[in-house]
Amino acid sequence: MRHHLILRVITKLLVGTIVLFAFYVQFHGDFSPGGGFQAGVIMAVAFIIYGIVFGLEKVQQVFPPWLVHKMLALGVLIYAATGIVSLFGGMHYLDYGVFSPHHPEHGQHWGILIVEFGVGVTVTGVMVAVYYAFASRPPRMSDEEW
Amino acid sequence: MDSSTTWEFFVGHVSYWLFIVLMMTGLYIVVAKGNFVKKIVGLNIFQTSVFMLYISIGKVDGGTAPIYPVDLNIDPDVVYSNPLPHVLILTAIVVGIATTALGLALIVRIREEFGSIEEDDIVEIEQGIARDENERYRNATGNRA
Amino acid sequence: MASETTHHVAMTLADHLPVLQVLVPFVAAPLVVLLGSRKLAWPLAFAASAVAFVISVLLLMRVIDGSVISYHIGGWAPPLGIEYRIDAANAFVLMLVTGISTIVLPYARESIAQEVPQRHHTLFYACYLLCVTGLLGVAATGDAFNVFVFLEISSLSTYVLIAQGSYRDRRALTAAYDYLIMGTIGATFFVIGLGLLYMATGTLNMADIAARIADQGSNRTIHAAFAFIVVGMGLKVAVYPVHAWLPNAYTYAPSAVTAFLAATATKVAVYVMLRFMFSIFKPSFDFEVETLELIILPFAIIAMFAASFIAVFQTDLKRMLAYSSVAQIGYILLGIAFLSETGLTAAIVHLFNHGITKAVLFMGVGALVYRSGGSFYDRVCGLGRSMPWTSAAMVIGGLSLIGVPGTAGFVSKWVLVQAALEKGWWPVAILIVLSSLLAVIYVWRMVEALYLAPAPEGRQATEINAWMLGPIWIMALACIYFGLATDVTLTSAQSAAQGLLGGFTELH
């Protein structure tokens, strides 16, 4: 896509904004619609659009496949670990009250923030992994054959 | 039932009618189409119909978006829609995405191995394999079996 | 305030067993991926599975007397919060799933090393653990929607596991694809049913749904919900007319996967069906009696004969066993269709006994494939002499499949016949015995190929090593043990049946 100057310039401008918006949706999810699922997808979009315009090699330099792999697992572990912390606090699994025993409401704020962060990490990883998996498949037949 | 109540019955349940139409459309595509990608499209339409069913359940007459104000100053007169079905369907959407991605990934592999994504071709190829296997089996066992 | 939480009640480890049951494999799965080490993947998977098995035994010991453990996720009390609810019925299923998974894993270590390329091993074990997580979650949860979520976790990982057979036979891919389409339609039907139930009752907690259906009686929405749930789960169970995905999926999946799935996945689906039919919709529910007598009963009997008949004519040993599974599911459904405590006991006992029987047979076939390269009868000809231990275990499994006295299969068929006679349906009892004769034919074909047919020239087949032989023989001995010590399974199954029929009377 070397000759698509407009696309390349616009993409460069957009990527930063998309990432910023993803963080907003992620961390403002407590007070307004949003959260890990949506933020993860938005975050992944930034990488996918970069990959579409500049090529798979370029985006994989920034976000290597092995990192995507680890992110998938890491997000799930963050989620599970949040719950396990409550077990050690002598409470039910995923009882966020453990993060602030005297003000359970504050604990719930912390808990949902961490859990949603885990969700965000995994969803970003999954969406990018799906894109990589399909895009990095070497085509064995020409486009006309399809 | 006079005509006006019939009309109300029809319009009042419009999202359910659409649910049924979508569901049947999706199911028909899954069953009737031989192309594997089209089957996945059908499956998606079928699942989307369920999302619609759930979201229709969540709607409360005159209800607004179920988001409390930041200061938690809740006006008792405000009616909120039921947020639970939306949450459930968020999960179902994620499941749907995972299914679609996995289905498409399988199709890519099928295309690589069989050279086609048409059911007819693949059935033919598989029958060919089965014929060869049986041929080999008959030769190996003689006429005993 | 409905959202009261149970704070400041310190809990001990024993109180957390219901959630740890699901949590242990669930945490182990991403850990396997995160560590990314081929050497660590198997030990981690095995450790997680073994710990889960210990937990399930502890749970079963606590609920065998008919008591119920309720665990509130996040401290949110049901019916609003998600509840894990362990009673005798699902503790039994939990033990079956974790037990089979723990025993199959050492076997998988060897057979997967041969059947799946090395670069996929870590992901394979992660998927395996996720599948176990899903199955355990389905059994442990007391929340109807949670069942759907866990069901999809296990199903999605199952599709991946089946597709791993493509390195041996490319038809595994189409088998996995077919199962994906059928399984998703089934799960979507199930979730439509849940939506209708939620419409009618306004709750998702199983116990609460049961109570509200009992209060308001049935109406058309509940009828539709029941139909959707039965059809949806029927697809997952592989009830006779909608079983088409099963033979190919079992035939082309890696041997260890087939052994695990045949012994657990359909059984968990049967459990969900039981839970919905008996605890949520009561047997007194008018629509249910008709459904069972007019639809489930005939199809169960057709399955017993048609699938057995097809099994007789198979030339592929693995496919023959797959069709036999469809037939055996027929026996389980027959037990359910009797709508009596004895029938239900028979169904649950058969669920367990058939699980261990099929685990022996599928692991045995896997071992034969491991050595001879194929499961066609001509490939396995004469292996009884070069692989005496594997073949002997398979004969025990075959006898249990027929229902010969002294094996596990006999116990369940005995109770099933009892249930039929109790109802006065003696023609059904005769049909059970007759269909067992078909099993004699296809098991005999297996024995004939193994022992009587001449071995092909120039084949070098030796006995498999202890990693694979151990699990096969543990299951084979279990077949005999549960055939002789009948009261172990019968007592648990009876208390499970009573628990299911009793529904959710206490608690809350």
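The values are calculated or read from the model by the stated rules, or taken from the named source; none is laboratory data. The structure displayed is predicted, hence computed values, not measured ones. Neighbour counts run over all protein chains shown; Cβ positions are idealised from the backbone, glycine included.
Of (1) within 12 Å of C:Y240 (Cα to Cα); (2) modelled with pLDDT of 90 or more, C:I296 satisfies all except one. Which?
(2)
When you scan the stretch A:1-110 for helices (runs of 4 or more DSSP H) that lie fully inside it, which ones turn up with 2 or more residues that are touching a residue at least 40 places away in the same chain (Cβ under 8 Å) and under 30 Å from C:A77 (Cα atoms)?
A:5-27, A:36-54, A:65-88
Would you check which residues across the stretch C:81-117 are aromatic (F, W, Y) and within 18 Å of C:A478 (Cβ to Cβ) and list them?
Correct list: C:F92, C:Y107.
Looking for whichever is more than 12 Å from the chain's Cα centre (by Cα), away from chain C (no Cβ under 14 Å), over 30 Å from C:T12 (Cα atoms) and modelled with pLDDT of 90 or more here; the options are A:V45, A:V53. Which one fits?
Checking each option against the conditions leaves just A:V53.
From the list C:G202, C:G234, C:G217, pick out the single residue that is free of Cβ contacts under 8 Å to residues at least 24 places away in the same chain and either among the charged types (D, E, K, R) or over 25 Å from B:V87 (Cα atoms) (or both).
Among C:G202, C:G234, C:G217, only C:G217 is free of Cβ contacts under 8 Å to residues at least 24 places away in the same chain and either among the charged types (D, E, K, R) or over 25 Å from B:V87 (Cα atoms) (or both).
Can you name the condition, by its number, that C:P18 falls short on among (1) in contact (Cβ under 8 Å) with a residue 40 or more places away in the chain; (2) outside any loop (DSSP other than H, G, I, E, B); (3) more than 14 Å from chain A (Cβ to nearest Cβ)?
Every listed condition holds for C:P18 apart from (3).
Just one of C:L431, C:L450 is assigned to a helix (DSSP H, G or I), touching a residue at least 24 places away in the same chain (Cβ under 8 Å), over 19 Å from C:S325 (Cα atoms) and of a type in the set (A, V, I, L, M); which is it?
C:L450 is the lone residue from the list that is assigned to a helix (DSSP H, G or I), touching a residue at least 24 places away in the same chain (Cβ under 8 Å), over 19 Å from C:S325 (Cα atoms) and of a type in the set (A, V, I, L, M).
Being within 14 Å of another protein chain (Cβ to nearest Cβ), of a type in the set (A, V, I, L, M), farther than 22 Å from C:A265 by Cβ and outside any helix (DSSP H, G or I): is that true of C:L40 here?
no
For residues that are in contact (Cβ under 8 Å) with a residue 12 or more places away in the chain, within 27 Å of C:L34 (Cα to Cα), more than 10 Å from chain B (Cβ to nearest Cβ) and assigned to a helix (DSSP H, G or I), tally how many sit in the stretch C:116-146.
Matching residues across the stretch C:116-146 total 21.
For the stretch A:69-103, name all the residues that are facing another protein chain (nearest Cβ under 7 Å), over 29 Å from C:H120 (Cα atoms), within 26 Å of the chain's Cα centre (by Cα) and of a type in the set (A, V, I, L, M, F, W, C).
Listed by number, the list holds a single entry, A:L94.
Please go through the stretch C:65-74 and give me each residue that is crowded, with 16+ Cβ neighbours inside 10 Å and more than 14 Å from chain A (Cβ to nearest Cβ), ordered by number.
C:V68
Looking only at residues that are among the aliphatic types (A, V, I, L, M) and within 20 Å of C:A140 (Cα to Cα) in the stretch C:198-220, which one is surrounded by the fewest Cβ atoms within 10 Å (Cβ to Cβ)?
Filtering the stretch C:198-220 for residues that are among the aliphatic types (A, V, I, L, M) and within 20 Å of C:A140 (Cα to Cα), the one surrounded by the fewest Cβ atoms within 10 Å (Cβ to Cβ) comes out as C:A211.
The conditions are (1) under 28 Å from A:G97 (Cβ atoms); (2) surrounded by 24 or more Cβ atoms within 10 Å (Cβ to Cβ); (3) hydrophobic (A, V, I, L, M, F, W, C), and C:A77 fails exactly one of them. Which is it?
Every condition holds for C:A77 apart from (2).
Could you check the stretch A:50-69 and list, in sequence order, the residues that are buried (at least 18 other Cβ atoms within 10 Å of the Cβ) and either in contact with a Leu (Cβ under 8 Å, 6 or more places away or on another chain) or aliphatic (A, V, I, L, M) (or both)?
A:V53, A:V59, A:V68
What do you reckon, is B:N73 farther than 30 Å from C:L156 by Cα and more than 7 Å from every other protein chain (Cβ to nearest Cβ)?
Yes.
Filter the stretch B:89-145 for residues that are within 7 Å of another protein chain (Cβ to nearest Cβ) and at positive phi and give the result.
none
Please state which of the following conditions B:L27 fails to meet, knowing it meets all the rest: (1) away from chain C (no Cβ under 12 Å); (2) within 30 Å of B:E124 (Cβ to Cβ).
Condition (1) is where B:L27 drops out.
Which of the residues belonging to the stretch C:166-208 are touching a Leu at 6+ places or on another chain (Cβ under 9 Å), more than 9 Å from chain B (Cβ to nearest Cβ) and closer than 11 Å to C:N248 by Cα?
Once the filter is applied, which keeps residues that are touching a Leu at 6+ places or on another chain (Cβ under 9 Å), more than 9 Å from chain B (Cβ to nearest Cβ) and closer than 11 Å to C:N248 by Cα, the stretch C:166-208 yields only C:Y179.
Take the residues in the stretch C:453-477 that are free of Cβ contacts under 8 Å to residues at least 60 places away in the same chain and in a helix (DSSP H, G or I), then tell me which one is surrounded by the fewest Cβ atoms within 10 Å (Cβ to Cβ).
C:A466
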